[in-house]
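Contents: one structure, followed by commentary.
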Amino acid sequence: MSAHAPETGIDNDGAGDSAAHPLAREQAHLTASRAALRAMREDVEALDIRDVTANWVNAIVLQAQIDDRIKALADLAHTPLFFGRLNYLHAPGAELAEGAEGEQFYIGRRHVHDADGDPMVIDWRAPVSQPFYRASKNDPQDIALRRRFGYTGGELTAYEDEHLSDPAEAAAVSKLLQREIERPRVGPMRDIVATIQPEQDEIVRSGLSGSVCVQGGPGTGKTAVGLHRVAYLLYAHRERLARTGTLVIGPNRSFLHYIEQVLPALGELEVKQATVEDLVARDALEIRGTDAAATAVVKGDARMAEVLRRAVRSHVSMPAEPLMVVRGSRRWRVPAYEIEEIVAELLDRDIRYGAARDALPQRIAHTVLVRMEQAGEAPDDRVQDSVARGAAVKAAVKAIWPAVEPAKLVLRLLSEPEFLAEHAEGVLSDEEQQLLLWAKPFRSVKSAKWSAADLVLIDEAADLVERTHSLGHVVLDEAQDLSPMQYRAVGRRCTTGSATVLGDLAQGTTPWATRSWDEALAHLGKPGAALEELTAGFRVPREVIAYASRLLPSISPGLAAVSSVRETPGSLVVTPTPDLTASVLDACRAALAHEGSIGLIAADARIPELAEALRAAELPYLAPGEETTAQARLTLVPASLAKGLEYDYVVLDEPAAIVSGEPDERTGLRRLYVCLTRAVSGLHVLHAAALPAALGPALP
């Protein structure tokens, strides 16, 4: 492997065009590619749709599509248009004949072509780009040369070559690749398209039909892999997913804001993002209440689905009297036992409550039509519809199969001990039922102080009544923190589609956190999903991840520790101090002397004091989710919001307070594990109290 900066003057591309320095030629290609992209955008902007739209509705739809295309063709000045080049020994797809001429492709974030339609940059998702990520000395995949490019502020400044088919060149670690991984973070989450590793690429390019679960420790890139998988699927199955939709689900708004620029940087603008709370939100119902941990665990238990199913079906009652239908001068009698048979059959089919309720009047009307035909009449479908809509049938259906409002149903379960006991018998213990009941019942749906877990129950009840709309693909990040009932809520959104599930069992910080991925995938409705494990860490320094991994035997026994590829001496400092707040401020000042983003992470209860201290010290700070800039690089992060975020340097305040701030020690240690693994370049831990025993002996 050979690396080159502008001053080297060495031609290593093997193209035989040594009249100019290779880097200058590559810079010229970048300039020409940007001009071509600009021309593509101008062509779209110049489209005149006045003569091709039949009406104003079509015009609005077409203009919206054009606007989206213009946005997708934006040239991001500080984002490299291409980051690699492949020289094939032979034309892809051609016979590997002796002397066959190869081809050269630049690999980038999107496709760019010149005025003649010839490609200048190939989309990283195209099949011809795949060897950029997977080819190696052991498996060159017909690649003569793989070139990586280095950028500074959007300008191409270096390149690095690998002659994969040359047996005389030894395999080596890419310095440009390592430099890109370690580059300081400023702003939102970066895409990893230039640094995707072979094991990550296999997950990214896996098919749409199957679901995938990715277990990955801190720094393994699981979130970025999931987002790039969405971008790949939209490329490979755009027409299908345009119809069915895609969704990225994250743990909180701060996290979603942090990742929201990854997909647009890859040219994908239409992927929606939401939290689980967003999914189950309902008009006029606000989350105004909170549950004790024990209550939330019961509400999130999968057994609640059976309690709700019983409660919904309990509204059905068998008819006590026959039904009389009047048509003109004739009366048609349907005995109670025949209606009872219809109702029993609908119950046995176990279809959704609302669908069965819609079917009941038609089934009763059909019975009347049979009577008519037996009497010599010739009724058609219009007559059946008329009977089904008649007052007598409607009244019977209302009495037998009344409408159910999901929120009112859950209100009754949480308010009426008798109603709950009737439907939870043999499912929940008396103690569990007592945990569910409100101490002071609310009078109405609107006055109730619903908790987040309550809205999940209402969502389950709503699906028992009417089918939830399913999407083509759902990405669920930080999945280890979901309850079984939350998994069911997400699973309802992809019953006819597929899912990418991302998480780390060791980072489960809720009392109901999942114990195993098999269990979680069963609740999600995807028991056959492929389970992939990422164990190579690229973000967290080896010293930092090794220190955090001391907690694994206590928080997730048997889970393999991440093996970081980055050895950064001095990246971990642990300091006992009698004056904690003052020492934390000093540590923040020291961290700000470095390039990149700084995260001050502390127990939630410590945030007000630290915020006041930062203001008094005139150290400006941001809240999680706010974009860092060159002027504001310090973010004050409550431990409860640290998951999924990353900073170049982390100052961690009082580990013992982070642990004690959770309902139990195991959850607290998991929260600490999360906080310890947010650093990309350096971690400084400060403590006045004794460190948790699970961290083991002090550093030498």
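Things to note:
- Subset tally (residues that are on the phi > 0 side of the Ramachandran plot and either in a strand (DSSP E or B) or free of Cβ contacts under 8 Å to residues at least 24 places away in the same chain (or both)) for segment 127-176: 1
- For segment 423-432, the set of residues classified as surrounded by 13 or more Cβ atoms within 10 Å (Cβ to Cβ) and either in contact with a His (Cβ under 9 Å, 6 or more places away or on another chain) or within 18 Å of residue 297 (Cα to Cα) (or both) consists of 424, 427, 428, 432, listed by residue number.
- Test: residue in segment 296-306 that is of a type in the set (Lys, Arg), modelled with pLDDT of 90 or more, closer than 30 Å to residue 447 by Cβ and not in a loop (DSSP other than H, G, I, E, B): yes
- In summary, strands (runs of 3 or more DSSP E) completely within segment 1-112 and bearing 3 or more residues that are at pLDDT 90 or above occur at 82-88, 104-108.
- Unmet requirement for residue 491, which otherwise passes all of (1) open to solvent by less than 10 Å² (accessible area, probe 1.4 Å); (2) of a type in the set (Gly, Ala, Ser); (3) touching a residue at least 60 places away in the same chain (Cβ under 8 Å): (3)
- Options 459, 385; residue that is touching a residue at least 60 places away in the same chain (Cβ under 8 Å) and not hydroxyl-bearing (Ser, Thr, Tyr): 459
- Pair list, Cβ under 7 Å, 6 or more apart: segment 317-338 residue of a type in the set (S, T, N, Q), other residue open to solvent by less than 60 Å² (accessible area, probe 1.4 Å): 317/400
Residues are listed down the side, and each one gets a yes or a no for (1) in contact with a Lys or Arg (Cβ under 9 Å, 6 or more places away or on another chain); (2) without any contact (Cβ under 8 Å) to a residue 60 or more places away in the chain:
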site	(1), (2)
405	no, yes
413	no, no
419	yes, no
424	yes, no
430	no, yes
449	yes, no
464	yes, no
467	yes, no
481	yes, no
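- Matching residues in segment 334-383 - criterion: being open to solvent by 40 Å² or more (accessible area, probe 1.4 Å), under 21 Å from residue 466 (Cα atoms) and more than 42 Å from the chain's Cα centre (by Cα): 362, 363
- Of the helices (runs of 4 or more DSSP H) contained entirely in segment 352-448, those carrying at least 1 residues that are farther than 19 Å from residue 460 by Cα and not β-branched (Val, Ile, Thr) fall at 353-374, 381-388, 391-400, 417-424, 430-436.
- Long-range neighbours under 7 Å by Cβ, at least six apart or interchain, first residue under 16 Å from residue 501 (Cβ atoms) and open to solvent by less than 50 Å² (accessible area, probe 1.4 Å) within segment 226-238, second of a type in the set (D, E, K, R) and at pLDDT 90 or above: 226/477
- Just so you know, in segment 541-594 the residues that are charged (D, E, K, R) and touching a strand residue (DSSP E or B) at 6+ places or on another chain (Cβ under 7 Å) include one that is farthest from residue 697 (Cα to Cα), and it is 542.
- The one condition in (1) closer than 25 Å to residue 490 by Cα; (2) in contact with a helix residue (DSSP H, G or I) (Cβ under 6 Å, 6 or more places away or on another chain) that residue 428 fails to fulfil: (2)
- Among the residues of segment 608-645, those that are open to solvent by 30 Å² or more (accessible area, probe 1.4 Å) and closer than 26 Å to residue 476 by Cα comprise 623, 626, 627, 640, 641.
- In segment 258-293, the residues that are touching a strand residue (DSSP E or B) at 6+ places or on another chain (Cβ under 9 Å), farther than 16 Å from residue 486 by Cβ, open to solvent by 60 Å² or more (accessible area, probe 1.4 Å) and not acidic (Asp, Glu): 272, 288
- Selection over segment 244-257 of residues that are closer than 11 Å to residue 473 by Cα and either open to solvent by 30 Å² or more (accessible area, probe 1.4 Å) or part of a helix (DSSP H, G or I) (or both) gives a count of 1.
- Some residue of segment 532-551 being touching a residue at least 24 places away in the same chain (Cβ under 8 Å), open to solvent by less than 10 Å² (accessible area, probe 1.4 Å) and within 19 Å of residue 297 (Cα to Cα): no
- Meets criteria (aromatic (Phe, Trp, Tyr) and either touching a strand residue (DSSP E or B) at 6+ places or on another chain (Cβ under 6 Å) or assigned to a loop (DSSP other than H, G, I, E, B) (or both)) for residue 673: no
- Looking across segment 27-70, the residues that are surrounded by 13 or more Cβ atoms within 10 Å (Cβ to Cβ) and of a type in the set (Lys, Arg) come down to 34, 38, 41, 69.
- Note on segment 433-450: among residues that are open to solvent by less than 40 Å² (accessible area, probe 1.4 Å) and under 13 Å from residue 298 (Cα atoms), the one that is nearest to the chain's Cα centre (by Cα) is 436.
- Residue in segment 314-329 that is loosely packed, with under 13 Cβ neighbours inside 10 Å, in a helix (DSSP H, G or I) and in contact with a helix residue (DSSP H, G or I) (Cβ under 8 Å, 6 or more places away or on another chain) present: no
- Residues that are aliphatic (A, V, I, L, M) and either surrounded by fewer than 24 Cβ atoms within 10 Å (Cβ to Cβ) or in contact with a Ser or Thr (Cβ under 7 Å, 6 or more places away or on another chain) (or both) within segment 660-684 comprise 669, 674, 683, listed in sequence order.
- In segment 469-514, the residues that are in contact with a strand residue (DSSP E or B) (Cβ under 7 Å, 6 or more places away or on another chain) and assigned to a loop (DSSP other than H, G, I, E, B): 471, 472, 477, 478, 493, 494, 497, 504
- When restricted to residues that are closer than 20 Å to residue 461 by Cβ and in a helix (DSSP H, G or I), segment 341-351 contains 3.
- Beta carbons closer than 7 Å, at least 6 apart along the sequence or on distinct chains, pair a first residue in segment 607-618 that is farther than 14 Å from residue 637 by Cα with a second that is of a type in the set (A, V, I, L, M) for 613/585; 617/585.
- Within this structure, residue 553 passes the test of being more than 19 Å from residue 646 (Cα to Cα), of a type outside the set (Val, Ile, Thr) and under 29 Å from the mean Cα position of the chain (by Cα).
- In summary, residue 443 fulfils each of the numbered conditions (1) closer than 27 Å to residue 676 by Cα; (2) out of contact with any strand residue (DSSP E or B) (no Cβ under 8 Å at 6 or more places or on another chain); (3) at pLDDT below 95 with the single exception of condition (1).
The values are calculated or read from the model by the stated rules, or taken from the named source; none is laboratory data. Just so you know, these numbers come straight off a predicted model, no measurement behind them. Quick reminder, even Gly has a Cβ in these numbers, built from the backbone with ideal geometry, and neighbours come from all protein chains shown. Side chains included, ligands, DNA and RNA excluded: accessible areas come from the protein's heavy atoms. Shrake-Rupley method; radii C 1.70, N 1.55, O 1.52, S 1.80 Å.
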